[in-house]
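See structure below.
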Amino acid sequence: MAISSDSIIRCHQKIFAKHPILELENGVFRIAVGARGVSCSTRKLRSKARVGVRPLAEASVEGLKNFEGDLDFGLDAAAERELTEKGFSGMRKTKLVCTIGPACCSLEDLERLARGGMNVARLNMCHNTKEWHRDVIRKIKRLNDEKGFCVSVMIDTEGSQIHVVDHGAPSSLKAEEGSVWVFTAQKFEGSRPFTVRANYEGFSEGIMVGDELIIDGGMASFQVVERMGNDLRCKCTDPGLLLPRAKLSFWRNGKLSYQGQPTISEKDWEDIDFGISEGVDFVAVSFVNDAEPVKHLKNYLSTKASKSIRVLAKIESLESLQKLEEIVEASDGIMVARGDLGVEVPLEQIPAVQEAITDICRQLNKPVIIASQLLESMVEYPTPTRAEVADVSEAVRQYADAMMLSGESAIGSYGEKALSVLRMVSGRMELQSREENRQNALHQCHLGDSLLDCISEEICNSAVEMANKLGIDAIFVYTKHGEMASLLSRNRPNPPIFAFTDDTDARMALTLQWGVIPILTDLSDDMESNISKTIDLIKSKGMMKEGDAVLIVSDLTPACATRTAFQSIQVKTIV
Ligand SMILES: Nc1ncnc2c1ncn2[C@@H]1O[C@H](COP(=O)(O)OP(=O)(O)OP(=O)(O)O)[C@@H](O)[C@H]1O
Ligand SMILES: CC(=O)C(=O)O
């Protein structure tokens, strides 16, 4: 076989060469390390220009309320309804993740989000109690079991970030220019004026007089004027708001001062054990700076968990960008955590960095989620700004696998509406990309390092090319662990990919993959019987009509055959 690991390395080098923004120059990252460029916060600059949510979308949400999925079908109830109403070509490809918080944690709220197209529910372990998280996870599983949804659960670790736990007020507090505040980790009774308690005992280790303290990436700034034991006296140099749980970062000579905490803290390990015991599908690891913690966690999960739990690495620091390739390769997926990334990377570089990460993940066949502030104004307002709609469109245009709501769903009053905006904008932008044949311009590199893997990859690349050229209505893939489905998805085909699997964990993992509709079904060694059974099933539901063309691939290996014997592409026209 001509494909060697050398050629794969060269191929990876090419991907990185295509993204000079992520290149190292003489060992130094090209993004100016010192230039945070965050003189003002986006929250301070909330635009007043708003975009109406069209009535059509609301009618659509109404329809969703009454739709009951078929529990025996193994297809997500919301996807089933979308297929019935809009046909193959109308199916949304970009996946949607919702952060669950107090505004959407009842069974009814969660059901509304599931009907509105939530594919993954994210639980941020920074907030709330284990009991609260357990209750939410169980409700989601109940909805999946009883109402036929296929919503995966992701826990997101708190990580080693330093944040405010008490600033003496129930909500935000203004820090005025020149005011002097004490930052401490000590617990105190009642409230003390101008005193802020941080979550982490060692928060001030290594911090010196003169260092800069930035709140929430630029919401307000202070200068350290005195050390008092482990406490810091700081003078406000750039006035702004102190929010509950605001993040603190220390800077010296334009560089972030690291406190040397582990990526996965003791609390994170407890939360991960909790996630294992509750059977979550994904663990998103905060502040990953290299591949080690990801490898360590994957190893831990493979020995401790009875099911397959996928590890997503959150890219939210300069260091993680410098080690991007090894992190992407070690993980099962990536989250572009733009909130914290924007603290270290100049804001004007975030769009280009996002595009580069998205392209690299797609090429290396790992799902990528674009997170934070997509529709931030909808935390308070029922409609998004034009700028937010443009940002969402851009993520879809870049072919991200998924987009994530944070406060919009967790604490906002318009979570369902925000989800419907993501749905509508995705549909519109995906159509435009298809009309422009934008997927033709996507570059693919070779991934497989064995002959069999290379064959699967080439079959998927060719299958997608064929499907697009022939105007195929749907791609059917029969898959054990979801490999072929993700290799097809990587090519961002025009038709939707129906991934039939008998593996529950593979089904839940595929919820995050662009354009893949996972269907849990019994599969046999007899491919012809699998094909006719699944086509009959979809036909019997009225989701397929005479003349529809289906392209079929598989990675199933019957016990009696070698794997290559079943690697073929078939096209069937429905009669
Ligand atoms: N489980 C929860 N319980 C209470 N409030 C929550 C919960 N989850 C989220 N929130 C609220 O919603 C807001 C947005 O949540 P989210 O987790 O996306 O952002 P975050 O707290 O800034 O953390 P991160 O940087 O990890 O995303 C939070 O600031 C918090 O106020
Ligand atoms: C999602 C997240 O953690 C961030 O944007 O920082």
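Just to be sure, is residue 192 under 27 Å from residue 274 (Cβ atoms) and of a type outside the set (Asp, Glu)? No, not satisfied.
Examine the stretch 199-215 for a residue that is within 26 Å of residue 283 (Cβ to Cβ) and within 13 Å of ligand 1 (Cβ to nearest atom), and state whether such a residue exists. Yes - at least one qualifying residue is present in the stretch 199-215.
Does at least one position in the stretch 157-177 carry a residue that is of a type in the set (S, T, N, Q), modelled with pLDDT of 90 or more and either in a loop (DSSP other than H, G, I, E, B) or assigned by the TED database to the domain that holds residue 338 (or both)? Yes, that holds for at least one residue.
Within the stretch 303-328, residues that are within 16 Å of residue 292 (Cα to Cα) have Cβ atoms under 7 Å from residues that are away from ligand 1 (no atom under 16 Å from the Cβ) and among the aromatic types (Phe, Trp, Tyr) in these pairs: 321/29; 322/29; 325/16, counting only partners at least 6 apart in sequence or on another chain. Please determine, by comparing only the residues of the stretch 249-264 that are within 20 Å of residue 218 (Cβ to Cβ) and within 16 Å of ligand 2 (Cβ to nearest atom), which one is modelled with the highest pLDDT. If we take residues in the stretch 249-264 being within 20 Å of residue 218 (Cβ to Cβ) and within 16 Å of ligand 2 (Cβ to nearest atom), then 249 is modelled with the highest pLDDT.
Residues that are surrounded by fewer than 22 Cβ atoms within 10 Å (Cβ to Cβ), more than 18 Å from the chain's Cα centre (by Cα) and either within 16 Å of ligand 1 (Cβ to nearest atom) or aliphatic (A, V, I, L, M) (or both) occur at least once in the stretch 417-424. For residues in the stretch 268-288 being under 22 Å from the mean Cα position of the chain (by Cα) and either at pLDDT below 90 or surrounded by fewer than 20 Cβ atoms within 10 Å (Cβ to Cβ) (or both), which is farthest from residue 193 (Cα to Cα)? Applying the filter and picking the extreme gives 279. Every condition in (1) more than 16 Å from ligand 1 (Cβ to nearest atom); (2) within 25 Å of residue 476 (Cα to Cα); (3) in contact (Cβ under 8 Å) with a residue 60 or more places away in the chain is met by residue 438 except one, and the failing one is (3). Picking from residues in the stretch 100-116 that are outside any helix (DSSP H, G or I) and in contact with an Asp or Glu (Cβ under 8 Å, 6 or more places away or on another chain), the one that is surrounded by the fewest Cβ atoms within 10 Å (Cβ to Cβ) is 105.
To keep it simple, each residue is scored yes or no on (1) touching an Asp or Glu at 6+ places or on another chain (Cβ under 7 Å); (2) assigned to a strand (DSSP E or B); (3) β-branched (Val, Ile, Thr); (4) modelled with pLDDT of 95 or more.
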| residue | (1), (2), (3), (4) |
| --- | --- |
| 93 | yes, no, no, yes |
| 96 | no, yes, no, yes |
| 118 | no, no, no, yes |
| 128 | no, no, no, no |
| 131 | no, no, no, yes |
| 134 | yes, no, no, yes |
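Can you confirm whether the stretch 136-150 contains a residue that is more than 19 Å from the chain's Cα centre (by Cα) and under 23 Å from residue 316 (Cβ atoms)? No; the residues of the stretch 136-150 include none that is more than 19 Å from the chain's Cα centre (by Cα) and under 23 Å from residue 316 (Cβ atoms). So which residues in the stretch 232-267 are under 24 Å from the mean Cα position of the chain (by Cα), surrounded by 17 or more Cβ atoms within 10 Å (Cβ to Cβ) and among the charged types (D, E, K, R), if there are any at all? 247 - this is the single residue of the stretch 232-267 that is under 24 Å from the mean Cα position of the chain (by Cα), surrounded by 17 or more Cβ atoms within 10 Å (Cβ to Cβ) and among the charged types (D, E, K, R). Scan the stretch 337-350 and give yes if some residue there is under 19 Å from residue 119 (Cα atoms) and in the same structural domain as residue 95 (by the TED database), otherwise no. For the stretch 337-350, residues under 19 Å from residue 119 (Cα atoms) and in the same structural domain as residue 95 (by the TED database): present. Taking the criterion of being closer than 22 Å to residue 427 by Cα and of a type in the set (D, E, K, R), would at least one residue in the stretch 321-342 satisfy it? For the stretch 321-342, residues closer than 22 Å to residue 427 by Cα and of a type in the set (D, E, K, R): absent.
The values are calculated or read from the model by the stated rules, or taken from the named source; none is laboratory data. Treat the numbers as computed from the prediction; the structure is a model and nothing was measured. Because the Cβ atoms are built from the backbone with ideal geometry, glycine has one as well, and the counts that use them run over all protein chains shown.
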